[in-house]
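The values are calculated or read from the model by the stated rules, or taken from the named source; none is laboratory data. Since the structure is predicted, the reported quantities are computational estimates derived from the model, not experimental observations. Cβ placement follows ideal geometry from the backbone for every residue including glycine, while neighbour counts extend to all protein chains displayed. The accessibility values were calculated without ligands, DNA or RNA, using every heavy atom of the protein model including side chains. Shrake-Rupley method; radii C 1.70, N 1.55, O 1.52, S 1.80 Å.
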Amino acid sequence: MMTKTLHSEEETLLFGELIAKGLKAGTFCALEGPLGAGKTCISRGILRGMGHAGHVKSPTYPLVEIYNLKTLTVYHFDFYRIIDPIEILEAGFRDMFGGENICLVEWADKGKGSIPIPDITISLTFNRDSRNISINAISQLGQQCLEEIL
Ligand SMILES: Nc1ncnc2c1ncn2[C@@H]1O[C@H](COP(=O)(O)OP(=O)(O)OP(=O)(O)O)[C@@H](O)[C@H]1O
Ligand SMILES: [Mg+2]
């Protein structure tokens with residue numbers, strides 16, 4: 001596990017870029033923390049670090065935004081609006097997990113039972129002018145990612 005305090009939105013973006021360097025193909029990364037904690041912000045940094053130059057919109061309304069990068073696809077989900085995890089299966093999202101793709105999932109808890117166990121969890125806690133971030137490896141793949149981030 002690693003923890004750090006991020007003092008500005010820019011620091012969150014830069015830390016996301018650092019995380020991106022460690023992410024391996026096939027990683028499922030769960031983003032935890034309350035509304036406004038910075039889950040979309042850190043995802044923006046991760047996508048930037050993976051070479052995405054354009055905008056990163058919050059996936060809250062479409063539930064998923066898809067980024068076809070040079071060597072792999074990143075699926076950025078937000079399950080906040082999910083009421084029953086069955087909706088994830090009905091929408092065909094289950095097939096987007098696994099394989100070579102990277103999944104960044106906000107509110108992954110709401111998908112429990114319909115999606116695999118994450119490889120890493122990134123938890124953000126909210127302070128007025130800063131955020132605390134902690135990264136935990138759950139799987140062996142997640143551990144490999146974390147070793148490169150440290
Ligand atoms: N390290 C930081 N210190 C202070 N403010 C920050 C920091 N990082 C991000 N922020 C601010 O916190 C907010 C984070 O919003 P963001 O949309 O990323 O949250 P979220 O966790 O995705 O929320 P939601 O659950 O609604 O999707 C933004 O206003 C951003 O400017
Ligand atoms: Mg968000």
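At full extension, residue 127 and residue 61 could sit 21.2 nm farther apart than now, given 0.36 nm per residue minus the alpha carbon distance. A 1.4 Å probe, protein heavy atoms only, puts the accessible area of residue 44 near 80 Å². Solvent exposure of residue 56, expressed as accessible area, is near 10 Å², computed with a probe of 1.4 Å over the protein chains only. The simple spin-label model puts a point 7 Å past each Cα toward its Cβ; for residue 68 and residue 144 those points are separated by 2.6 nm. By accessible area, using a 1.4 Å probe on protein heavy atoms only, the chain has 52% of its surface on carbon and sulfur.
Note on the chain: semi-axes of the ellipsoid equivalent to its C-alpha gyration tensor, largest first and rounded to whole Å, are 21, 17, 15. Using a probe of 1.4 angstrom and keeping all protein chains present, the accessible surface of the chain works out to 51 square angstrom per residue. Candidate cross-link partners of residue 21 among the lysines, defined by an alpha-carbon separation under 16 Å and a same-chain spacing of 8 or more, comprise 70.
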